[in-house]
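The values are calculated or read from the model by the stated rules, or taken from the named source; none is laboratory data. Just so we're clear, the structure is a prediction, and the values are computed from it rather than from any experiment. When the accessible area is computed, the model is the full protein with side chains, heavy atoms only, and any ligands, DNA or RNA have been set aside. Shrake-Rupley method; radii C 1.70, N 1.55, O 1.52, S 1.80 Å.
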Amino acid sequence: LVRLEMEGLIVIVPRSGTYVTDPAPKDIVESFGVRRALEVYAVELAVQHASNGEIAQLRAIVEELGDLAAAEDRDAIYPRYLALDHRLHRQLVSLAGNDRLCRAHERENLHAQMARVRYRRSERELDVAQEEHMRIMAALEARDGEVARTEMDAHLKRAERSLLNDMETTA
């Protein structure tokens with residue numbers, strides 16, 4: 001519990017209880033800034049180090065995300081989509097082959113994941129996100145680190161804006 005409190009995920013109030021925090025917009029901006037630094041670096045390393053088979057595994061996840069994005073009832077598929085999107089980003093970071101990078105990413109990504117669950121009922125921009133995933137995959141498959149970095153950065157900036165808009169709408 002102390003670790004969760006140190007990471008800003010919960011608040012412990014003596015003689016009252018333990019509560020899950022609601023991330024503030026500032027928390028999201030800071031978290032996405034760190035996450036962009038980590039994932040842009042990770043995609044650059046993945047271009048250099050990932051095997052063709054590992055990239056094919058990412059492609060399979062992206063295709064599954066595409067199938068979910070094509071569903072008519074987005075509210076029904078959103079929890080599955082969210083979990084699969086998290087898996088995609090986590091796996092991509094793991095392909096960098098850097099354990100410290102993976103641990104830092106897991107820590108930082110928690111805030112965004114909590115906010116996505118808290119403030120979104122469904123993703124309105126699944127089509128946009130899927131197009132971004134496809135461009136990132138194309139750059140990985142072409143082993144084009146510069147394009148992969150640019151696409152990942154744009155993807156995360158758009159996701160940040162979208163989440164902040166959702167937070168304003170819900171507030």
Tilt relative to the chain, helix 145-170 - C-alpha long axis, 0 to 90 degrees, to 10
30 degrees
So what are the three principal axis dimensions of the range 1-62 from its Cα atoms, in whole Å, longest to shortest?
55, 21, 19
Where does helix 52-69 land angle-wise versus the long Cα axis of the chain, in degrees 0 to 90, nearest 10?
60 degrees
Per residue of the range 71-78, in order, report the coupling 6.51 cos²θ - 1.76 cosθ + 1.60 (Karplus, θ = phi - 60°) as ³J(HN,Hα) in whole Hz, putting x for Gly and Pro.
5, 6, 8, 5, 4, 5, 8, 4
Solvent exposure of the chain as accessible area per residue, Å², 1.4 Å probe
53 Å²
Check which residues have an amide H placed less than 5 Å from ALA71's amide H, if you skip close sequence neighbours.
none
If each Cα of the range 33-92 is one equal point scatterer, what is log10 of I(q)/I(0) from the Debye formula at q = 0.17, 0.29 Å⁻¹?
-0.65, -1.13
Tell me the carbon and sulfur percent of the accessible area for the range 39-99, rounded to whole percent, probe radius 1.4 Å.
46 percent
What is the gain in length, in nm to one decimal, between ASP67 and SER16 on full extension, counting 0.36 nm per residue of separation less the C-alpha to C-alpha distance?
13.8 nm
Column: log10 I(q)/I(0), Debye, Cα scatterers of the chain, q = 0.13, 0.18, 0.19 Å⁻¹
-0.65, -1.18, -1.28
